[in-house]
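Read through the structure below, which is laid out as C-alpha cells, and then see the notes.
Where a number appears in this text, it was derived from the coordinates with a stated rule and is not lab data. Quick caveat, the model's predicted, so the values are computed rather than measured. So basically every Cβ, Gly included, is an ideal-geometry build from the backbone, and we count neighbours across all protein chains shown.
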Amino acid sequence: MNSRERFRETMVCDVKYAIITNPVSGKMTVDQKRLKLAKAAGILNAEIHGLDAININDFIQCGQELARRCDVLVVAGGDGTLSDIINSIDTAKTPIAYLPLGTGNAMQSALRYKGSLADIAMRIKNGQIHEYDLVSCSAKRRAYIASVGIEGQIIQLRDQYLPQGITGFKAYFKALLKSYFREYKPTAAKIVIDKVVFEVKNLLSLMVVKQPYYGFGMKVVPRACFDDGHLHILCITSGFFKFIFGVATSFTIGNRVGHYLTGQHVTVSSERFMVLLIDGNEGWEANAFTFKVLPNALKIKC
C-alpha cells in the first residue's frame, strides 16, 4: 500500500457514522430491523439509533441530536423516513447516507444501489460526498419527489390495504385502479413555470422532482437530474390507457407519457383541493402550491 492509499484508508476509517431507523415504519419488528442492519452497522462501525422512539417527534429529536455528534448520519428506512430526516436537520451542513429498508425505495433506484445492505454500506464507506438539489414545497417542506393529483389519493387508499396483508406494488396498483375509476376527479388547473402560464382542463398528476424514480424502480421522469439546478416537471392529464402505458414503460425504457418541462419556480392552482405528496409521505391539502429549486441543499455520501 503506497502513501496515498494509506492516507485514503485513514480518512475512510476516521469518518464517524451513526445509523438512525424508524421503529414503526414498514412491517419489520424492532428486533428484525436491528438484525437486518447488523452487518451494515459493523462495516460502518456505527451504532443503531431511533428504535426506542415512541413517536415521530421523538424520532426527529433523535436525528437532530445525532446530526450534531456524527460526521455522516445514515438513514435506514424508506423514502418517508429519509424525508423526515431531510426536513429535520441542516442537510447542507451534515452529510447523510441512505440504507434502503422500505417498500418503494425511490432513493435506492436514484442512487443506483445494488446488492445487500452490507454491499451498500461498503459503497457508503468508500464513497464520496455529493451535493444534490432539493425541491422547496410552498416553503414548508423539502423534497426530492413532490406531486399533486392522483398520487395523494393512491397513497391514502394504499394504506387501507396494508392491514389486509396487501403490500408492495400490488397494494399500489389496486389503489391506482380504485383512485382512477372511483375516487379521484381530475380538475382544471393553472400551472406557471418561470412566468410561463399553462392552462390544464383535466389534471391527473403534476410531478415536480429532482431525480427520475418514483418507487418500485419506476422511472417516471427519465430526464430528471439531482444536481443540475433545475426542477423537472411532468404534467399528466386524464386518459386511462395512456396512464397505464406510462406505468408499464416506467419499468423498462422509462415513462413516455405526459408533458415534460424544466424550470426553477413552479406554481399550481386548481379548482378543487388536491393532496400534496412528499417523498411518499402525505403532505397537506390545498388548491394552490408553489415549488422552487434549492441548489446544493443535500449532501449525501454514496
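Worth a mention:
- In plain terms, the bigger the Kirkwood radius, the slower the diffusion; for region 1-153, with that radius from Cα pairs, at 4 °C and 1.567 mPa s, Stokes-Einstein puts D at 79 µm²/s.
- For residue 159 and residue 173, the difference between the fully extended length at 0.36 nm per residue and the C-alpha to C-alpha distance is 3.8 nm.
- Treating r as the C-beta distance of residue 54 and residue 32 and R0 as 30 Å, the FRET efficiency rounds to 0.95.
- The tail of the calculated P(r) for region 247-302, taken as Cα-Cα distances beyond 13 Å, holds 77 percent of the pairs.
- Rel. contact order, % - alpha carbon contacts under 8 angstrom, at least six apart, the chain: 21 percent
- MRE, 222 nm, helices only [DSSP H, n ≥ 4, -39500 (n - 2.57), over the chain, to nearest 500]: -10000 deg cm²/dmol
- Placing +1 on the Cβ of every Lys and Arg and -1 on the Cβ of every Asp and Glu, with nothing else charged, gives the chain a dipole about its Cα centre of roughly 640 debye.
- Cα convex hull volume per residue for region 141-297 (Å³): 105 Å³
- Over region 3-127, relative contact order from alpha-carbon pairs under 8 Å, at least 6 apart, %: 29 percent
- Paramagnetic label reach from residue 225 (point 7 Å along Cα→Cβ; backbone nitrogen cut-off under 17 Å): within region 245-275, residues 260-265.
- Percentage relative contact order, region 141-297, counting C-alpha pairs under 8 Å, at least six apart: 27 percent
- Range in the chain, longest, excluding exposed trypsin sites (Lys or Arg not before Pro) [loop by DSSP; at most 10 other beta-carbon atoms within 10 Å]: 196-302
- Projected area averaged over orientations for region 124-200, convex hull of C-alpha atoms, nm²: 8.9 nm²
- Extension gain for the segment residue 290 to residue 251, taken as residue separation times 0.36 nm less the Cα-Cα distance, is 11.1 nm to one decimal.
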